[in-house]
Amino acid sequence: MKSFHLFSGICVMLGLSANGIALAHDDKTMARPDGHAPIGVMRDHGHKAGEFMVSYRYGDMNMDGNRDGSSRVSTAEVLEDYRVAPTSMSMKMHMLGAMYGVSDKLTVAVMTGFADMEMDHICRNTMMPAACQNGGAFTMKNDGMKDTSVNALYEYFSDGKRTVLLNAGISLPTGSVDDRKPNGGIFAYPMQMGSGTYDLLPGISYRSVSDDWSWGGQANMTLRLGENDRDYTLGNRYQLTGWVARKIDMLSVSLRLDGQAWENVDGTDRDLAGPTFMAPPMDANLQAGERVDALIGANYIFTHGALKGHRLAVEYGLPLCENLDGPRLETDNRFTLGWQLAF
């Protein structure tokens, strides 16, 4: 996309220019409800030597309707060029994480997850394909394990209120790229669980705190390595996010902007090769996009009783703008609910 290289360049420059910024892990800061970033932000903080943290996140993302570039397109318009048009999609995620403080400056983190996806479709011709013979509409479902990430987080700078946290990670291809429909056909790219490649995960985080406020930012990249055994490589991904939070006793509320850009697939799954495609999700050249979301969240930390030290958090977001190499399904909303416990 024309604006992709500009967006990714901004992500890199802002990340590298963040001097004296990210997440401190002194006792007083970590005891605050905003001692962690909004729950939709991962790899945002370190831990003291010998400290463990376990976490669980539930995520829900919904898509509805199609977009080409920055313009919405109707289902009828999609069916002018394709036999099948996707109309909506939902993805539910369960993410499990663990962090361990190797030293006061170095933390290792592991995260894996499971997903449940559904995509609804409408057919142009109820006689083709076979799935369309029941009234012209059908739903595809897939579920399974996602890719697993292993990260090293290094505290480059901290003065107790400001910290730079550097992240170096790798994504392991534990998610399948060979999942198939009940009829034996391969699922299209958006319905597969993983990338099928080892991916580098560099990043940098920023956070600063005052008496009742905190603010921060994070830049991340997902850089694909090599080609998977289905003869393609998913596009690289770039993310830049920033937030501000207000502490109110043991509760904090936050506002966050999250910008993401991702490239097209390089190569083609051998079972999805053109020259014509039944539906847009099968086309490797229609997978790139850019999106900016606005999110509101809340963090709460328990300080007494049996739940002392437990954190609960929630975040909900809507897209402000979206630009897709379409026609592609556009994002409607995203939701994350999470629990964290350090010991």
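The values are calculated or read from the model by the stated rules, or taken from the named source; none is laboratory data. Predicted model only: the values in this text are computed from it and were never measured. Positions of Cβ are backbone-derived with ideal geometry, glycine not excepted, and every protein chain shown enters the neighbour counts.
Before we move on, is SER74 modelled with pLDDT of 95 or more and either among the aromatic types (Phe, Trp, Tyr) or surrounded by fewer than 21 Cβ atoms within 10 Å (Cβ to Cβ) (or both)? Yes. Looking only at residues in region 309-330 that are more than 19 Å from the chain's Cα centre (by Cα) and at pLDDT 95 or above, the one that is nearest to MET119 (Cα to Cα) is PRO327.
Among the residues of region 224-245, the ones that are in contact (Cβ under 8 Å) with a residue 40 or more places away in the chain, more than 19 Å from the chain's Cα centre (by Cα) and assigned to a strand (DSSP E or B) come to 2 in all. Mind telling me which of the residues GLY274, GLY267 ends up being over 30 Å from PHE52 (Cα atoms), small (Gly, Ala, Ser) and free of Cβ contacts under 8 Å to residues at least 24 places away in the same chain? Testing whether each residue is over 30 Å from PHE52 (Cα atoms), small (Gly, Ala, Ser) and free of Cβ contacts under 8 Å to residues at least 24 places away in the same chain leaves just GLY274. Among the residues of region 38-63, which ones are part of a strand (DSSP E or B), surrounded by 18 or more Cβ atoms within 10 Å (Cβ to Cβ) and not aliphatic (A, V, I, L, M)? Answer for region 38-63, where residues must be part of a strand (DSSP E or B), surrounded by 18 or more Cβ atoms within 10 Å (Cβ to Cβ) and not aliphatic (A, V, I, L, M): SER55, ARG57, GLY59. GLY297 meets the stated requirement of being touching a Ser or Thr at 6+ places or on another chain (Cβ under 9 Å), at pLDDT 95 or above and crowded, with 18+ Cβ neighbours inside 10 Å.
Please work out if ASN264 is within 30 Å of ARG180 (Cα to Cα), among the polar types (S, T, N, Q) and not in a helix (DSSP H, G or I). It is true that ASN264 is within 30 Å of ARG180 (Cα to Cα), among the polar types (S, T, N, Q) and not in a helix (DSSP H, G or I). Looking across region 329-343, the residues that are farther than 16 Å from VAL292 by Cβ and of a type outside the set (A, V, I, L, M) come down to PHE335, THR336, GLY338, TRP339, GLN340, PHE343. Whenever a residue of region 198-219 is touching a residue at least 40 places away in the same chain (Cβ under 8 Å) and more than 30 Å from LEU172 (Cα to Cα), its partners that are in a strand (DSSP E or B) and among the aromatic types (Phe, Trp, Tyr), lying with C-beta atoms within less than 9 angstrom and at least six residues away or across chains, give the pairs SER208/TRP215; VAL209/TRP215; SER214/TRP243.
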